[in-house]
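The values are calculated or read from the model by the stated rules, or taken from the named source; none is laboratory data. It should be emphasised that the depicted structure is a prediction, and the values quoted were computed from it without experimental measurement. When we count neighbours, we look across all protein chains shown, and the Cβ atoms used for this are built from the backbone with ideal geometry, even at glycine. The protein model used for the area step is the full one, side chains on, heavy atoms only, and it has no ligands, DNA or RNA in it. Shrake-Rupley method; radii C 1.70, N 1.55, O 1.52, S 1.80 Å.
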Amino acid sequence: SATREYFQKVMDSKLIIDQSYQACLGLLRLASLYPDRIEAACQRGLKGHRFNYMVIKNILDNKMDMLEKDDRSTVGYTIPLHRNIRGADEYK
């Protein structure tokens with residue numbers, strides 16, 4: 001669903017239909033190269049303000065779509081107790 005929404009935003013962002021068409025062809029090519037990662041890349045791309053081919057290409061090239069999956073697993077992480085770690089009381 002994020003992929004479809006991203007395609008729609010690309011189509012709406014271009015004034016010239018040929019530019020939209022070329023961008024969508026590039027996105028389809030990326031979708032065929034990275035079928036398992038394109039949805040996560042489009043979800044990340046929708047958080048931005050620019051909607052074009054290069055945004056998704058950069059997300060896929062830099063593996064930023066995989067970072068969000070990793071970030072979800074570290075949400076509940078806490079710093080372990082250790083005698084060398086000072087708390088908030090030390091800085092008052």
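Taking the chain as a Gaussian network of alpha-carbon nodes connected by springs under 10 Å, the highest mean-square fluctuation of the residues Lys47, Lys63, Lys14 belongs to Lys47.
Measure off, as a whole percent, the carbon and sulfur share of the 1.4 Å-probe accessible area of the chain, all protein chains present. Its accessible area is 54 percent carbon and sulfur atoms.
Under 21 Å of direct C-alpha separation, and excluding same-chain neighbours fewer than eight residues apart, Lys63 reaches these lysines: Lys47.
The residues of the chain present an accessible area of 78 Å² per residue when probed at 1.4 Å with all protein chains retained.
Evaluated with a Cβ-only charge set (Lys, Arg +1; Asp, Glu -1), the chain carries a dipole of roughly 120 debye about its Cα centre, given to the nearest 20.
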